[in-house]
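Worksheet for the structure shown next.
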2 protein chains.
Amino acid sequence: MPSILSPRDLEFLLHEWLDVAALTTRPRFAEHSRETFDAFLEVSARIAEREFAPHNRRNDLEEPTFDGERVHIIPEVAAALAAFADTGLLAGSMDAEAGGLQLPHVVARACFAWFQAANIATSAYPLLTMANANLLLTHAAPEHVARFVTPMLEGRFSGTMCLSEPQAGSSLSDVTTRATPAGDGSYRVTGGKMWISGGDHELSETIVHLVLARVAGAPAGVKGLSLFIVPKHLVGDDGRVGERNGVELAGLNHKMGFRGTTNAVLSFTDSTAYLVGEEGRGLAYMFQMMNEARIGVGAGAVALGYTGYLHALAYARERLQGRPVSGKDPAAPPVPIVRHPDVRRMLLASKTYVEGGLALVLYAARLVDEQETGDAAAAAEAALLLDVLTPIVKAWPSQWCLLANDHAIQVHGGYGYTREYPVEQFYRDNRLNPIHEGTDGIQGLDLLGRKVVMRDGAGLKLLVRTMREAAGRAPAELAGYAELLTAGCERLVEVTGKLWSDGDPERALANSTAYLNAAGHLVIAWMWMEQATAAADRPGAFYDGKRLAARYFFTHELPRTTAWFELLESGDTLLADLDDECL
Amino acid sequence: MPSILSPRDLEFLLHEWLDVAALTTRPRFAEHSRETFDAFLEVSARIAEREFAPHNRRNDLEEPTFDGERVHIIPEVAAALAAFADTGLLAGSMDAEAGGLQLPHVVARACFAWFQAANIATSAYPLLTMANANLLLTHAAPEHVARFVTPMLEGRFSGTMCLSEPQAGSSLSDVTTRATPAGDGSYRVTGGKMWISGGDHELSETIVHLVLARVAGAPAGVKGLSLFIVPKHLVGDDGRVGERNGVELAGLNHKMGFRGTTNAVLSFTDSTAYLVGEEGRGLAYMFQMMNEARIGVGAGAVALGYTGYLHALAYARERLQGRPVSGKDPAAPPVPIVRHPDVRRMLLASKTYVEGGLALVLYAARLVDEQETGDAAAAAEAALLLDVLTPIVKAWPSQWCLLANDHAIQVHGGYGYTREYPVEQFYRDNRLNPIHEGTDGIQGLDLLGRKVVMRDGAGLKLLVRTMREAAGRAPAELAGYAELLTAGCERLVEVTGKLWSDGDPERALANSTAYLNAAGHLVIAWMWMEQATAAADRPGAFYDGKRLAARYFFTHELPRTTAWFELLESGDTLLADLDDECL
């Protein structure tokens, strides 16, 4: 079996590039050292391989079922979650006073990638629980933290986010679930929610739903949304799990992949609910969880792409088929297919996607650490840069690491198309990622419609400055790539200005996905500039591989941006203007 | 339910563009008329909708099983195949004297697309049977035609092609199945074959396998391959199906999609076999079937993409979500998602893929008719053009109409990712097409390594001349597209010459997939030039749609070729030269 992730690559990215050990000079991480970081990475790899990977296929073949009363899930899932809770990583990056390990986010993110690579469906339960707990730690009243968050971090409760409704998917302003004050400080919530990952199961003592709802008299649109804790069971002041709350499972969705994670339609009827923070600020709070979940989705997409790439690479080294195109002597022995240029194309492209994507995800996590532990100026910059990068961190891996999974099928040929090999499942699992937590189309609108124009373009300026600085640090042998990166930065700034020159969002956003594509490829080129710089002057196959991948990305991938930029520069508004009766 | 294909588009392509009724002036089609053509199209639509479409999902959920003795298939499949046989279309394009309808290939291809769109897995059985029968009608001895082909065309027998072996997938020169003369004119065949679509089932009285094998003493490589008829049961001179031949089902593969078509590992042990044609010419004969199957694969990929597009379009017109980006008044009613530019992007791109792909597939079928019924010069030209186009007809729809299926999932959002909607199955089904009948990588090698250089580049010259002529026929309002098409032709010729300038296949073929991509997009641009020309001056939404799609393809899609051409022109041989230890 090939490894599910590359420890060597994680070592390179965390230590040789991001120098995470330097974080231990900061007070928050003073108890840690490179050794403790590595120990958590190793335990993650071990638990992921032993407890998560082995049931990945069974989770797919025997997906959760609902018999009208209970949800049935294969027992390996609960065992894996218990093993995960035992590592302490449910509170990996959280405060010690909340029971956390105070690991840097960048290390916790790398640890969690092991579980996502091993079994994306099982890992989705703790992903959501952690993001839910993080939100509540920031915004909830202390009594609710004690009652709901502490058990989540101990692995006894789990958490969800309940935003979508049948008529309100991408458009949260259409949420109709309503909340009524009960007079005792609590509320009663009634409405239907759907697409709730982990929305029902018996893997934990209870489930803590975070529900967007509208209090009577609230304004229309997203400004009228408030956020509520709605537990599946009532939980007493003593922390005891009591009777069922008014939350019913209306049904499970049956998905193309990602089958091990229940996906629920939930019905709330006069459910006891507790307001988080203030009324009318629900979406603002939820964005904290959503942004964390978006980075988690990007990380999951990378992890699935990465494990698919490693499987394809191992297969390509073993599978003998055909001969080089020069010298087709049928008496000569066949060669491993890794010798064929088109197989190499798929492998090398995939390598640039998954290693570039992993670099971006870890860079984003490092920004979270800076935001939380840097000095005021650095923290503000990190927050701004993370804000502008988030749609790319979510959407780029969802698109390109999915393509790595597609390539992994193709490298395996007919075998890859069968369920006897794991790569087709990786593809199906990863196909969710361009859809949930805001479709890739929504990410394009977020990037071009909001992130690069907010605060007079401060986010875009910062991103471009950061990329230019990276180009400026490049050693002489990378000068050609540095020029390409710098030219791309100029083009991005120019085209952004041009698109918004008349301030008409219909025209500006007509090709928002092309903009997301171009900005995304430019950002990943930057990630390859960073990696090639970190690898400079170091000999050996591993560093040669980084140089090779950087070369491939700059020469075979970055040229894709030409067509996107040209379309954007042309000012074409065909997609905004067309008569859809002609479709 | 949306329609599974567009009768209006078929009418446009067949009658308004290709003028298939004009074929009835040729002796072979003299019994036919536009009315008989349309009648067969209508019966195809009806039988496809009534007998094929309804069990498409069940075929996926309850895939064929093998209990060690028998293969079990849901009963709807046999009923559908009987209904198909009743139409006479199993011999749709064949000679009347063989029991055929003597329909033009172009009409038969269009008819069959209905069945592929309705249920690709069930339609694979007759697809293979027809291609098998066609090969035998050309190359087999009359007694074998009577014994095997006639029952196939009556729907009593079915056919397969048995090429691959575990160690010989893309590399047929490594086939080791051996054949020994039995002394009575027949042979005995022993060996293992795999990836055999329709390789075992009880849908027909017996199965006629066409098997590539090596006679003792034959040279190594493909020149040592001979072709044999190996029936599952012995068939007497009287046509009666007798006892089992030495052909055993070793197991079924379990696929990601296309599940309704059994995919078998077959074991041949001293099987009674009949030589087709001459020894050592097996692969040459098989190429007739393979070329037909490759066009069939392209047609299937188009059909799946097309039906996915129609489902996505119908959904996008109905699903209300969000508001235009200008004027986001939350009190305003939500709009159908077809109003959002990014949804339009996916729909319009898909329209260009599936309608462009369908045009290409029908154009190729029309070339088969020319090859068979044109005058000598026209027939020779048609054969040459078809030869050069075949890798594109196979690979382009396999890649881009698959992308249409991907877009169809994305347009549906979360719903598209569930098995409650059909689009995820269309994707999974279509994902086979870039793999079987020669992977897309093999098609790239075939195009650049053989088709455009054979006969001193005559095929490429003819293709380019044909595309230039189309550009020359364009009306004035399409002059801009005509220029782009002409410029693309020049670039294709130049780059081909440059790639082969030093005659080194390793260097020439280092980026063969980029070449296939560039040539493919250029050919589809030509198809849009043809359609836009045929639609010129005609008013109405249907023709406006053709104009819109042509505009989109020339302005949003054709620019993709820039990156591919630039890579090819750069002479980059990274993929040929790299050290694969660095991957």
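Annotations for the structure displayed:
- At least 15 Å along the helix axis (C-alpha) and Kyte average at least -0.5, DSSP helices within chain A: A:34-47, A:75-87, A:105-118, A:120-139, A:282-318, A:341-373, A:376-412, A:454-473, A:479-499, A:512-535, A:560-570
- Here the relative contact order of the stretch A:1-119, from alpha carbon pairs under 8 Å that lie six or more residues apart, stands at 32 percent.
- Cα-centred dipole magnitude for the protein assembly as shown, charges only on beta-carbon of K, R (+1) and D, E (-1), debye, nearest 20: 380
- Scattering from the stretch A:461-583 was approximated by placing one identical point on each alpha carbon and applying the Debye formula without solvent; log10 I(q)/I(0) at 0.09 1/Å stands at -0.31.
- Position B:PRO7, label points 7 Å along Cα→Cβ, spacing to each other copy in nm (shortest first, one decimal): 6.6
- Per-q log10 I(q)/I(0), chain A, q = 0.05, 0.08, 0.09, 0.10 Å⁻¹ (Debye; single scatterer per alpha-carbon; no solvent): -0.21, -0.55, -0.70, -0.87
- Inter-chain Cβ neighbour average for residues B:425-435, partner chain, 10 Å: 3
- For the set A:LYS193/B:LYS351; B:LYS498/B:LYS546; A:LYS351/B:LYS255; B:LYS223/B:LYS498, the pairs lying more than 29 angstrom apart at their alpha carbons are A:LYS193/B:LYS351; B:LYS498/B:LYS546; B:LYS223/B:LYS498.
- Estimated [θ] at 222 nm from DSSP helical runs (n ≥ 4, -39500 (n - 2.57)) normalised by residues in chain B, nearest 500: -16500 deg cm²/dmol
- Of the GluC sites (Glu not before Pro) in the stretch A:48-113, the ones in a loop by DSSP (not H, G, I, E or B) with at most 16 other beta carbons within 10 Å are A:GLU62, A:GLU69.
- The residues of the stretch A:16-101 present an accessible area of 50 Å² per residue when probed at 1.4 Å with all protein chains retained.
- Relative contact order computed over chain A (Cα-Cα under 8 Å; 6+ residues apart), in percent: 12
- When each of the peptides B:484-497, A:79-92, B:149-162 is scored by how many other beta carbons lie within 10 Å of its residues on average, the order from highest to lowest is B:149-162, A:79-92, B:484-497.
- Accessible carbon and sulfur surface of the protein assembly as shown relative to its total accessible area, %, 1.4 Å: 52
- Reach of B:LYS328 by Cα under 15 Å, taken over aspartates and glutamates that are not fewer than 8 positions away in the same chain: A:ASP174, A:ASP446, A:ASP504, A:GLU506
- Fraction of antiparallel bridges per DSSP, the protein assembly as shown only, in percent to nearest 5: 80
- Shape category assigned to the stretch B:7-153 from the gyration tensor of Cα positions, a/c cut at 1.5: oblate
- For B:ARG491, net neighbour charge (Lys/Arg +1, Asp/Glu -1) across residues whose Cβ lies under 14 Å away: -2
- Ordering of B:226-239, A:466-479 by packing [mean C-beta count within 10 Å, highest first]: B:226-239, A:466-479
- A Cβ-based charge dipole, computed about the Cα centre of the stretch A:226-296 with Lys and Arg at +1 and Asp and Glu at -1, lands at about 460 debye.
- Using a 1.4 Å probe over protein heavy atoms, the accessible area lost on pairing B with A, summed over both chains, comes to approximately 7700 Å².
- Surrounding net charge for A:SER326, when Lys and Arg each add one and Asp and Glu each subtract one, Cβ distance under 14 Å: -1
- Number of partner chain Cβ atoms within 10 Å, mean per residue of B:405-418: 5
- Take every pair of alpha-carbon atoms less than 8 Å apart whose residues are at least six positions apart; their mean separation over the length of the stretch B:396-511 yields a relative contact order of 17 percent.
- Under a model in which nothing but the beta-carbon of Lys, Arg (+1) and Asp, Glu (-1) is charged, the stretch B:174-274 shows a dipole of about 440 debye around its Cα centre.
- Comparing the protein assembly as shown with the 2.2 N^0.38 Å rule of thumb, its C-alpha radius of gyration ratio is 0.94 (two decimals).
- Peptide A:341-353 has a mean shielding of 5, counted as Cβ atoms of other protein chains within 10 Å of each residue's Cβ.
The values are calculated or read from the model by the stated rules, or taken from the named source; none is laboratory data. Everything numeric in this text was worked out from a predicted model, so none of it was measured. Because the Cβ atoms are built from the backbone with ideal geometry, glycine has one as well, and the counts that use them run over all protein chains shown. Heavy atoms of the whole protein, side chains included, go into the accessibility calculation; ligands, DNA and RNA do not. Shrake-Rupley method; radii C 1.70, N 1.55, O 1.52, S 1.80 Å.
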